[in-house]
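**Student:** Here it is, the structure, as structure tokens.
The values are calculated or read from the model by the stated rules, or taken from the named source; none is laboratory data. If you're wondering where the values come from, they're calculated on a predicted model, not measured in any experiment. For neighbour counting, all protein chains shown are included, and Cβ atoms are generated from backbone atoms with ideal geometry for every residue, glycine included. Just so you know, the surface numbers come from the protein's heavy atoms only, side chains and all, with ligands and any DNA or RNA stripped out. Shrake-Rupley method; radii C 1.70, N 1.55, O 1.52, S 1.80 Å.
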Amino acid sequence: MDSLPTTTKSDRRWRSKNLQTSKPSLVMAFFSCLAWLYVAGRLWQDAENRTLLTNLLKTNSAQTPKVLSVEDKLAVLGCKDLERRIVEAEMELTLAKSQGYLKNQLPQSKSAAGKKLLAVIGVYTGFGSRLNRNVCRGSWMPKGDALDKLEERGIVIRFVIGRSANRGDSLDRNIDEENRSTGDFLILEGHEEAQEELPKKAKFFFSTAVQNWDADFYVKVDDQINLDLEGLIGLLERRRDQASAYMGCMKSGDVVTEEGKQWYEPDWWKFGDEKSYFRHAAAPLIILSKNWAQYININSASLKTYAHDDTSIGSWMMGVQATYIDDNRLCCSSIKQDKVCSLA
């Protein structure tokens, strides 16, 4: 007869101990499951966030700035280096001019070569101003042999014009043809003839004229002016000993700050709270002594231009010891559509 299993006292203690130790294990297992669920949830959320960000980047890829490659960075550095070399070249050119290393690049007129002139008169003109030029030639400005004889007296007169934006087009060809016929042009090869480029024309004219001719004075005149030539010559002869002269009909005036209006000045904010121009010679007739024409030639690369040529020249004269000569005879009065400068 089989005997019934008996449980000893030691067995009961062992089972009781196992039951006690299993309870913490179950708790730990439970919390481990919770931790794994939390981690899995975070990983799933991170994956969703990455997917959302990836889609947003793909959608806005056209609007995001381009990441510069090594080649792009090298190109940027190359542009900066080129800009630096251009500035250095301009400074070297200015220094060379100031030290007299640059020779005249334009042929001098035969009658003026080697002779000290009284004045070079540049008559500003444009491509569509042939009628004005003919009016000048028919009134105060000599033609042909008379122009050459005037140079023997020490006066050179030339119509001053730049080149077309489309080099070699019909505008340039018409000027070249007219010049072959009359021989009374000073063509500024480096200047683009345009209304917005007019202030820069002053730098080109005075620089070119002082390199081409040796004169006591350099005169800028508009082609709408009916000039009293003999009166001007007499005035300059009397002022010949004034080596620092800046002559004209001196004026000032309000700076136009509203874009689109006539005479608008983009740099209006530089003229102070009252927004008034400094004293300067009016545009139709401006006279500079040789010193200041040379000054413009030497420093042309760094001279600031404003919206108008007369205020630009006036700003250059403010920085030097110029002798301002305000002469009412240089104020050109309007008669019908012409401006008359009577210097009697």
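**Student:** In the stretch 160-219, carbon and sulfur make up what percent of the accessible area (probe 1.4 Å)?
**Tutor:** After summing per-atom areas, the C and S share lands at 42 percent.
**Student:** Among rounded, prolate and oblate, which fits the stretch 186-290 when a ≥ b ≥ c are the square roots of the eigenvalues of its C-alpha gyration tensor, a/c under 1.5 means rounded, and a/b larger than b/c means prolate?
**Tutor:** Since a/c reaches 1.5 and a/b is larger than b/c, the shape of the stretch 186-290 is classed as prolate.
**Student:** Sequence gap at least 6, Cα distance under 8 Å: using those rules, report the relative contact order of the stretch 164-295 to the nearest whole percent.
**Tutor:** Relative contact order comes out at 29 percent.
**Student:** Per the 1.4 Å probe, what fraction of the accessible area of the stretch 222-332, in percent, lies on carbon and sulfur atoms?
**Tutor:** Ligands and nucleic acids excluded, carbon and sulfur reach 44 percent.
**Student:** Sticking with this one: Along the charge dipole of the stretch 155-273, Cβ charges K/R +1 and D/E -1, which of ASN166, LEU229, TRP213 sits furthest on the positive end?
**Tutor:** TRP213
**Student:** Follow-up. Taking 37 °C and 0.692 mPa s as the conditions, I'd like the Stokes-Einstein D for the stretch 273-314 in µm²/s, using the Kirkwood hydrodynamic radius from alpha carbon pairs.
**Tutor:** Result for D is 284 µm²/s.
**Student:** Beyond 19 Å between alpha-carbons counts as too far, so tell me which of LYS116/LYS304; LYS220/LYS290; LYS115/LYS200; LYS115/LYS149; LYS200/LYS261; LYS116/LYS290 fall in that bin.
**Tutor:** Table pairs above 19 Å Cα-Cα are LYS116/LYS304; LYS115/LYS200; LYS200/LYS261.
**Student:** Figure the gain on full extension for LYS149 and MET318 (residue separation times 0.36 nm, minus the Cα-Cα span) and round it to one decimal in nm.
**Tutor:** Full-extension gain reported as 57.2 nm.
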